[in-house]
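Here is the structure we will look at.
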Amino acid sequence: MPFLTQLADVARRTGHPVTEVSGWRGRGHGPQPEVQGIVCHHTAGPAGGGDYPSLAVVRDGRPDLEGPLSHFGLGRSGHIYVIAAGRCWHNAPSTSAFHDNSSSIGIEAENDGSQPWPAEQLDAYRKLCAELCREFGLPASRVKAHREVNTSKPDPHSIDMTDFRAAVAALVGDTPAPGGPGPGGSWTEDIVKQLPLVRLGDDNFDVKTVRGCLFARGHVPPAAYAQVADGLEGWLTSTLCDDQLVELVRGFQQAEGLEADGEVGPLTWPPLLRI
């Protein structure tokens, strides 16, 4: 999976104001390998000082931890700040394989850890989580508090996550995004029905999708791109389905218990996209 440059568009679907923090599209500790979960945080920042006084820390980090520390910031007014499109150091060690730094999106909501939550901020929090679930084909159960996936953390304070997830689930089911899937559906379920067969010799952007998904699923060893110009980036952006890619597809199919024909069709796309 490349840098998540769609995040600002996802945030705008909430209806809350959005600020794209300068440089966010290229900010991160490398690309985001995959999105399998969402982690909700509070900043533990200052009690006063404006809407999102923790921006510099979340963007640039602390003396003991390099930034970015989260993909999104969430101001007290419900204003959403898009901070990074790549991997962020927001949850480690994680007790969930779906919610570590390499597999999840982090949201840092401004709160000192004891303040009441403004209604607008909570509304934006729920709606942002719902839009992220819709965008990445996640169930609301994949929205977790930091404290639920890291035994040493208390955040976000005082939010009942059972109620929070129920509200997210209702938003995902009742208010599809413009142009998105209907209630109960996901973006990936709708997309997969339209994807073509990818096989040896094809040269198109669907091949790039296959490459990105194989990498996200851990089926691209470093040797695959060691001799490629620009390394991993060059390998991921290639649109050619060559012999090497076919062999990697076969390996993925074998791991999934599928017929290992090296072609990406209707039986291979779903586990590849993990819908």
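The values are calculated or read from the model by the stated rules, or taken from the named source; none is laboratory data. Everything quoted here is computed from the prediction, not taken from an experiment. When we count neighbours, we look across all protein chains shown, and the Cβ atoms used for this are built from the backbone with ideal geometry, even at glycine.
Which of (1) under 19 Å from residue 157 (Cα atoms); (2) in contact (Cβ under 8 Å) with a residue 60 or more places away in the chain; (3) surrounded by fewer than 19 Cβ atoms within 10 Å (Cβ to Cβ); (4) small (Gly, Ala, Ser) is the odd one out, the single condition residue 106 does not satisfy?
Every condition holds for residue 106 apart from (3).
What about residue 169, is it at pLDDT 85 or above and among the aliphatic types (A, V, I, L, M)?
yes
Could you give every pair whose Cβ atoms fall below 6 Å, whose first residue belongs to region 42-61 and is in a loop (DSSP other than H, G, I, E, B), and whose second residue is of a type in the set (A, V, I, L, M), counting only separations of at least 6 or pairs across chains?
Once the first residue is in a loop (DSSP other than H, G, I, E, B) and sits in region 42-61, no partner that is of a type in the set (A, V, I, L, M) comes close enough.
Would you be able to tell me the number of residues in region 68-95 that are surrounded by fewer than 23 Cβ atoms within 10 Å (Cβ to Cβ) and in contact with a Lys or Arg (Cβ under 7 Å, 6 or more places away or on another chain)?
Summing the residues that are surrounded by fewer than 23 Cβ atoms within 10 Å (Cβ to Cβ) and in contact with a Lys or Arg (Cβ under 7 Å, 6 or more places away or on another chain) in region 68-95 gives 1.
Hey, any hits in region 16-24 for a residue that's more than 17 Å from the chain's Cα centre (by Cα), under 26 Å from residue 97 (Cα atoms) and not aliphatic (A, V, I, L, M)?
no
Restricting the search to region 233-244, which residues are part of a helix (DSSP H, G or I), without any contact (Cβ under 8 Å) to a residue 40 or more places away in the chain and in contact with a helix residue (DSSP H, G or I) (Cβ under 9 Å, 6 or more places away or on another chain)?
235, 237, 244
Of the conditions (1) small (Gly, Ala, Ser); (2) within 29 Å of residue 220 (Cβ to Cβ); (3) touching a residue at least 60 places away in the same chain (Cβ under 8 Å), residue 30 clears all except one; give me its number.
(3)
With the structure loaded, tell me whether residue 141 is touching a helix residue (DSSP H, G or I) at 6+ places or on another chain (Cβ under 9 Å), of a type in the set (Ser, Thr, Tyr) and within 22 Å of residue 9 (Cβ to Cβ) or whether it fails that test.
The answer is no for residue 141.
Which condition number does residue 195 fail, the rest of (1) of a type in the set (A, V, I, L, M); (2) over 30 Å from residue 247 (Cβ atoms); (3) at pLDDT below 90 being met?
(2)
Is it fair to say residue 35 is in contact (Cβ under 8 Å) with a residue 12 or more places away in the chain, in a loop (DSSP other than H, G, I, E, B) and within 20 Å of the chain's Cα centre (by Cα)?
Spelling it out, residue 35 is indeed in contact (Cβ under 8 Å) with a residue 12 or more places away in the chain, in a loop (DSSP other than H, G, I, E, B) and within 20 Å of the chain's Cα centre (by Cα).
Name the pairs whose Cβ atoms lie under 7 Å apart, with the first residue in region 150-161 and in contact (Cβ under 8 Å) with a residue 12 or more places away in the chain, the second acidic (Asp, Glu), and 6 or more positions between them or separate chains?
161/148
Of all residues in region 79-109, which are of a type in the set (A, V, I, L, M) and part of a loop (DSSP other than H, G, I, E, B)?
83, 84, 85, 92, 97
When region 50-67 is examined, which residues are found to be surrounded by fewer than 12 Cβ atoms within 10 Å (Cβ to Cβ) and of a type in the set (Asp, Glu)?
64, 66
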